[in-house]
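Single-structure report; data block below.
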Amino acid sequence: MISRGERVANYVILSAFAAFALFPIVTILSAALGPADTGGTSGFGNFAAAWEIGHFGTYLRSSLLVSGFVVVVSVVLSIMSGYAFGTMRFRGQSVLFYLFLLGIMMPSEAIAVPLYFDLRTLGLIDTFWSVTLPQVALSVAFGTFWMRAYFRASNRAIVEAARIDGASSWRILWRVLLPPARPAVVTLTLLIFMWTWNEFLIPLIMVTSESLRTAPLGLAFFQGQYTSGFTLLAAGSVIVATPVVIFYLFLQRHFVRGLLQGAVRE
C-alpha cells in the first residue's frame with residue numbers, strides 16, 4: 001500500500017521530469033510564434049513564410065513517400081522473417097539470426113560510405129531507391145528481432161490446432177497469429193516511421209536533387225542557405241516535427257500496449 005507521502009513524491013518527480021521534457025518544446029513553439037528576427041511576420045505568419053522560403057512542401061512530400069515505402073516493406077518483411085525465426089526450425093537458423101542482429105548493432109555511419117560506392121556502381125545514386133533500400137535493410141534487422149520475440153511467446157496450442165485443421169503456414173501467420181499481434185505491429189510501425197522520418201545521414205549522402213531531399217535534410221539546407229534568423233528556423237522545425245507528433249498521438253494507445261507486451265516477453 002503506497003502512503004500519501006510516497007504518492008506526492010512520485011507526482012513531484014514525474015512533474016519535474018515532464019517540465020524538463022516539455023521545456024524545449026515550449027521554447028521552440030514560443031520562438032516560432034514570436035516576431036520574426038527580420039520583421040514583417042509574426043505568429044502563424046512565420047509558418048507560412050518558412051513554408052514558402054524553405055520549400056517544405058516538396059521536402060514533406062518526399063519524406064512521406066520515403067517513410068511510407070520503408071514502413072510498408074519493412075513491416076511486411078519483418079512479420080514474415082520474425083514468424084520464420086520464432087515458430088520454425090531450419091538449418092542455419094541461429095547463424096542467420098545473428099546476422100540479423102549485426103544489422104541492429106551496426107550503425108549507419110559505419111556503412112554509409114561503402115554503401116554509397118555500391119549503389120553508385122549499380123547506378124542508383126540520387127534516386128528514390130538509394131534513400132529507401134538502405135533504410136529498409138536497417139529496419140528489417142530490428143523488426144525481425146522484435147517480431148521473433150512476439151511469435152516465440154505466442155500460444156502454440158492455437159498454432160497446432162490450426163495445423164491439425166489443415167491450415168498452411170502462410171494462413172497460420174496472417175489469419176491466426178497476426179490479428180492478436182496488432183499492438184506489436186503498430187509499435188513496430190511507429191518506431192520505423194520515426195526512425196525513417198528523422199534519418200539524416202543516408203539522404204544527405206545518397207541524393208543531390210532537391211526533389212528527393214527529405215524534411216530533416218531540407219531543414220538543414222534551410223538553416224544554412226536561406227535564413228540565419230531563429231524565428232523562421234523554429235517555425236521550420238515545428239513543420240518538420242508535426243507529422244511525427246500527429247502519427248504518434250493517433251497510435252499512442254496501441255504503441256504503449258505494444259511496449260508493455262514486449263516488456264513481459266522473451
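Computed values, structure above
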item: Output for the range 50-59, where each listed residue is more than 27 Å from Leu191 (Cβ to Cβ), in a helix (DSSP H, G or I), touching a residue at least 12 places away in the same chain (Cβ under 8 Å) and open to solvent by 20 Å² or more (accessible area, probe 1.4 Å); result: Trp51, Ile53
item: Subset of the range 120-135 (residues that are in contact with a Ser or Thr (Cβ under 8 Å, 6 or more places away or on another chain) and crowded, with 20+ Cβ neighbours inside 10 Å); result: Val131, Pro134, Gln135
item: Criterion: of a type outside the set (A, V, I, L, M, F, W, C), under 14 Å from the mean Cα position of the chain (by Cα) and open to solvent by 20 Å² or more (accessible area, probe 1.4 Å) - qualifying residue of Thr189, Thr196, Thr208; result: Thr189
item: Residue ID - nearest to Pro107 (Cα to Cα), chosen from residues in the range 195-227 that are in a loop (DSSP other than H, G, I, E, B) and touching a residue at least 24 places away in the same chain (Cβ under 8 Å); result: Glu199
item: Residue that is in contact (Cβ under 8 Å) with a residue 60 or more places away in the chain, out of contact with any Leu (no Cβ under 9 Å at 6 or more places or on another chain), assigned to a helix (DSSP H, G or I) and surrounded by 15 or more Cβ atoms within 10 Å (Cβ to Cβ), where the choices are Ser74, Ser67, Ser62, Ser78; result: Ser67
item: Answer from Leu133, Leu102 - the residue that is within 18 Å of the chain's Cα centre (by Cα) and aliphatic (A, V, I, L, M); result: Leu133
item: Output for the range 81-93, where each listed residue is more than 27 Å from the chain's Cα centre (by Cα) and either among the polar types (S, T, N, Q) or surrounded by 11 or more Cβ atoms within 10 Å (Cβ to Cβ) (or both); result: Gln93
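The values are calculated or read from the model by the stated rules, or taken from the named source; none is laboratory data. Remember, it's a predicted structure, so these values are computed and weren't measured experimentally. Neighbour counts are summed over all protein chains in view; Cβ atoms, including those assigned to glycine, are modelled from backbone coordinates with ideal geometry. To get the accessible areas, we keep the full protein, side chains included, count just its heavy atoms, and leave off ligands, DNA and RNA. Shrake-Rupley method; radii C 1.70, N 1.55, O 1.52, S 1.80 Å.
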